[in-house]
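For reference, the structure is listed below as structure tokens.
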Amino acid sequence: MRVTFYGVRGSIPTPGADFVRYGGNTACVHVQLSDGTDIILDAGTGIRALGNELIKKTTPVHILLTHNHWDHIQGFPFFAPIYQKDREIKIIPGMTTLPEHDRILTQMQGSVFPVPASALASDVTVTPVPEEIDSWRLGNATISRLPMNHPGKGSAYTITENGKKLTYLTDNELYPPYKKETDFLSFVDFARDADLVIHDAQYMLSDMPAKSGWGHSVAEEAVKLAMASNVKQLALYSHDPDRTDDDIDKVVAHCQEYIEIAESPLGLFAAAEGQTLDL
């Protein structure tokens with residue numbers, strides 16, 4: 001399983017000299033299974049660059065969406081494979097409170113975008129998975145999901161293949177002031193023994209309580225989750241649009257202190273565009 005980050009920013013793209021090392025595109029992670037199956041986690045602005053790579057292929061593309069907030073779907077109209085004739089684009093929407101399963105397509109309607117989804121040359125299908133189903137097969141992998149804590153809800157995902165496990169938990173508030181969809185210990189079980197956990201770390205404890213309830217976790221809590229889950233590596237993700245590269249470096253250094261105090265073997269890094277890991 002090969003994992004590549006194409007968009008790591010939360011809320012809104014952040015261009016500029018202060019955002020070069022980690023990148024300013026919004027959420028998008030490419031997972032390539034050992035059999036060549038392409039899975040995309042979220043379709044933020046990072047999916048545009050990924051599309052320039054995947055257009056070289058003709059095989060189906062599988063997109064797993066966490067939810068429909070714009071920073072997770074806004075790159076889709078610029079994803080080159082959707083303009084390839086008969087290219088199969090298979091989309092599984094997140095478990096959102098409002099079941100707007102085709103929102104990734106309807107964002108292209110009317111005066112908002114010049115090409116309507118009905119004009120796409122590819123074969124796009126949106127297939128909601130019934131909420132009572134929490135795992136299924138995709139290529140060589142097993143996909144599992146769990147409701148996340150975020151305004152409007154959504155899905156967290158785990159991809160397991162050949163004994164390797166990736167857990168994707170973004171836009172997830174571990175300790176929300178509103179009613180939880182999933183509690184901390186359930187997230188621990190969901191991520192347990194993962195080779196890599198990609199987790200929302202948009203805020204820090206110093207940002208609270210001002211941003212409590214906004215639907216994102218603090219980096220320190222993401223570290224606690226990873227250590228409790230006995231994961232090998234944690235990627236801090238969904239970087240706040242106000243955090244520069246240097247600011248993110250400080251977040252990593254601060255979180256590393258928690259790991260050292262706990263004498264944990266957890267590997268920690270901040271996700272950066274273009275970064276690839278082979279699990």
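The values are calculated or read from the model by the stated rules, or taken from the named source; none is laboratory data. Worth saying up front: this structure is predicted, and the values here are computed from it rather than measured. Note that each Cβ is placed from the backbone with ideal geometry, even for glycine, and that neighbours are counted across all protein chains shown.
Observations on the structure shown:
- Counted residues, the stretch 92-139 - those being among the polar types (S, T, N, Q), in contact with a strand residue (DSSP E or B) (Cβ under 9 Å, 6 or more places away or on another chain) and surrounded by 15 or more Cβ atoms within 10 Å (Cβ to Cβ): 2
- The condition of being modelled with pLDDT under 95 and either touching an Asp or Glu at 6+ places or on another chain (Cβ under 9 Å) or part of a loop (DSSP other than H, G, I, E, B) (or both) holds for only one of His254, His216, that being His216.
- Within the stretch 140-162, the set of residues being part of a loop (DSSP other than H, G, I, E, B) and crowded, with 18+ Cβ neighbours inside 10 Å comprises Met148, Asn149, His150, Gly154.
- Here Pro241 passes the criteria (1) closer than 17 Å to Ser11 by Cβ; (2) part of a loop (DSSP other than H, G, I, E, B); (3) out of contact with any Ser or Thr (no Cβ under 6 Å at 6 or more places or on another chain) except the one numbered (3).
- Residue, surrounded by the most Cβ atoms within 10 Å (Cβ to Cβ), within the stretch 245-259, restricted to residues that are among the β-branched types (Val, Ile, Thr) and closer than 15 Å to Ala271 by Cβ: Ile248
- Residue in the stretch 38-71 that is surrounded by the fewest Cβ atoms within 10 Å (Cβ to Cβ), counting only those that are in a loop (DSSP other than H, G, I, E, B) and among the hydrophobic types (A, V, I, L, M, F, W, C): Ile55
- Extreme residue, nearest to Thr4 (Cα to Cα), among residues of the stretch 36-83 that are of a type in the set (D, E, K, R) and touching a residue at least 40 places away in the same chain (Cβ under 8 Å): Asp42
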